[in-house]
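K.L.:
There's a structure below that I have some questions on.
The values are calculated or read from the model by the stated rules, or taken from the named source; none is laboratory data. All values derive from a computational prediction rather than experimental measurement. A quick note on method: Cβ atoms are made from the backbone with ideal geometry, for glycine too, and the neighbour counts reach across all protein chains shown.
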Amino acid sequence: MGTDIYGIYRTSLEQVMETLVREIRAYSEREKARTGSTIYEHLLYRIKTDSSMRGKCDRKGLPQTERSALYDIHDAIGLRIVCRFIDDIYTNINYLRQLPQVEVVEEKDYVRHAKPNGYRSYHLILAVTTPFTDVLGHNPGRYFAEIQLRTLAMDSWASLEHEMKYKKHIQNPEMISRELKRCADELASCDLSMQTIRNLIRADNTGGKS
Ligand code: 0O2
């Protein structure tokens, strides 16, 4: 067995991830108490495996070092917030932006600007300031985390598409890509309809009270 690419920083990585998870869960609990509904359906998180990180270093032409894994590559820590409605994605993002010790260093809005294959998701790269040393030897340190935010529909599509990408014996890849894109667009249309329905219900409820 080789050495762990994260070396002595693995425990710190885990602590940073656990802190983010705790903050996001606490926010969801507060929102539930305030509004009666949760702000996301699932919260998933992982440290990228040693072999997957080594593979990513190779693909990017980087040496398999701690510095590549923790400084040049930004998704050693990955969280996925799966929401029921599109608006909830942006509500969660606004919350993440105002967290102390957190800076958004990169973002990609594949929700409003889907990838050509139909992939939809909002990606944020956060730099988290920590009371412990980072791979550059700085203290306070900076650790990166990638947060992916998507709806349940976008998430189910991405899981299936990801699985199919690894099936090497697809007979008609052009047709499959076209069909996957069509499904992604149909699901996006459903997401918009569900959002509209929720807005209508909320407007009715507000109207009833005034
Ligand atoms: P894994 O194993 O899921 O972590 P970079 O992250 O810098 O290498 P890129 O492409 O600029 O590359 O980043 P981007 O677009 O933000 O995508 C990062 C992650 O989003 C990917 O991580 C996937 O998890 C997911 N993703 C992006 N595009 C697609 C897509 O078309 N289909 C699916 N199913 N997922 C996608 P990794 O590192 O590739 O893999």
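K.L.:
Tell me, yes or no, whether the range 137-148 has at least one residue that is in contact (Cβ under 8 Å) with a residue 60 or more places away in the chain, among the basic types (Lys, Arg) and surrounded by 12 or more Cβ atoms within 10 Å (Cβ to Cβ).
P.N.:
Residues of the range 137-148 in contact (Cβ under 8 Å) with a residue 60 or more places away in the chain: 141, 143-148.
Then drop every residue that is not among the basic types (Lys, Arg), which leaves none.
No: the range 137-148 contains no residue that is in contact (Cβ under 8 Å) with a residue 60 or more places away in the chain, among the basic types (Lys, Arg) and surrounded by 12 or more Cβ atoms within 10 Å (Cβ to Cβ).
K.L.:
Taking the residues in the range 149-180 that are surrounded by 18 or more Cβ atoms within 10 Å (Cβ to Cβ) and under 30 Å from SER12 (Cβ atoms) as candidates, determine which candidate is nearest to the ligand (Cβ to nearest atom).
P.N.:
ALA158
K.L.:
Please state which of the following conditions ASP88 fails to meet, knowing it meets all the rest: (1) over 16 Å from the mean Cα position of the chain (by Cα); (2) in a helix (DSSP H, G or I).
P.N.:
(1)
K.L.:
Show the residue pairs meeting these rules: Cβ distance below 6 Å; 6+ apart or different chains; first residue within the range 71-92 and among the aromatic types (Phe, Trp, Tyr); second residue part of a loop (DSSP other than H, G, I, E, B).
P.N.:
TYR71/VAL135
K.L.:
Moving to a separate point now. Quick check on LEU124: is it surrounded by 14 or more Cβ atoms within 10 Å (Cβ to Cβ), near the ligand (Cβ under 10 Å from one of its atoms), assigned to a strand (DSSP E or B) and at pLDDT 95 or above? Reasoning before the result, please.
P.N.:
Details: surrounded by 14 or more Cβ atoms within 10 Å (Cβ to Cβ): yes; near the ligand (Cβ under 10 Å from one of its atoms): yes; assigned to a strand (DSSP E or B): yes; at pLDDT 95 or above: yes.
In short, yes.
K.L.:
Any residue that is at pLDDT 95 or above and farther than 19 Å from ASP75 by Cβ - is there at least one of those in the range 7-18? So that I can check it myself, show each step before the final result.
P.N.:
Residues of the range 7-18 at pLDDT 95 or above: 7-18.
Right, trim to farther than 19 Å from ASP75 by Cβ and you get 8.
Among the residues of the range 7-18, at least one is at pLDDT 95 or above and farther than 19 Å from ASP75 by Cβ, which makes the answer yes.
K.L.:
Which number in (1) more than 28 Å from THR38 (Cβ to Cβ); (2) within 11 Å of the ligand (Cβ to nearest atom); (3) in a loop (DSSP other than H, G, I, E, B) marks the one condition that LEU136 misses?
P.N.:
LEU136 satisfies all of (1) more than 28 Å from THR38 (Cβ to Cβ); (2) within 11 Å of the ligand (Cβ to nearest atom); (3) in a loop (DSSP other than H, G, I, E, B) except (2).
K.L.:
Under 7 Å between Cβ atoms, which residue pairs at least 6 apart in sequence (or on different chains) link something in the range 179-191 that is more than 14 Å from LYS115 (Cα to Cα) with a partner that is assigned to a helix (DSSP H, G or I)?
P.N.:
LEU187/ALA153; LEU187/MET154; LEU187/TRP157; CYS190/ALA153; ASP191/ILE86; ASP191/ALA153
K.L.:
Could I ask something else about it? Can you work out which of the residues in the range 93-116 that are surrounded by 12 or more Cβ atoms within 10 Å (Cβ to Cβ) and assigned to a loop (DSSP other than H, G, I, E, B) is farthest from the ligand (Cβ to nearest atom)?
P.N.:
Step by step, filter the range 93-116, then rank; the result is GLN101.
K.L.:
With respect to GLY141, determine if the residue is at pLDDT below 85 and of a type in the set (Gly, Ala, Ser). Walk me through how you get there before you give the answer.
P.N.:
Working: at pLDDT below 85: no; of a type in the set (Gly, Ala, Ser): yes.
Here the answer is no, as GLY141 does not meet what is asked.
K.L.:
Find all pairs meeting these conditions: Cβ atoms under 8 angstrom apart; at least six residues apart or on different chains; first residue within the range 149-166 and farther than 12 Å from ARG80 by Cβ and assigned to a helix (DSSP H, G or I); second residue acidic (Asp, Glu) and at pLDDT 95 or above.
P.N.:
Listed by first residue and then by second, the contacts come to ALA153/ASP191.
K.L.:
Since THR38 meets every condition but one in (1) touching a helix residue (DSSP H, G or I) at 6+ places or on another chain (Cβ under 8 Å); (2) outside any loop (DSSP other than H, G, I, E, B), which condition does it not meet?
P.N.:
Exception for THR38: condition (2).
K.L.:
Within the range 46-83, track down each residue that is more than 10 Å from the ligand (Cβ to nearest atom), part of a strand (DSSP E or B) and within 14 Å of PHE144 (Cβ to Cβ).
P.N.:
Matches in the range 46-83: ILE47, ILE77, LEU79.
K.L.:
From LYS32, LYS48, LYS56, grab the single residue that is over 17 Å from ARG142 (Cβ atoms), more than 18 Å from the chain's Cα centre (by Cα) and surrounded by 12 or more Cβ atoms within 10 Å (Cβ to Cβ). Working first, answer last.
P.N.:
On the way: LYS48 fails: more than 18 Å from the chain's Cα centre (by Cα); LYS56 fails: more than 18 Å from the chain's Cα centre (by Cα).
Testing whether each residue is over 17 Å from ARG142 (Cβ atoms), more than 18 Å from the chain's Cα centre (by Cα) and surrounded by 12 or more Cβ atoms within 10 Å (Cβ to Cβ) leaves just LYS32.
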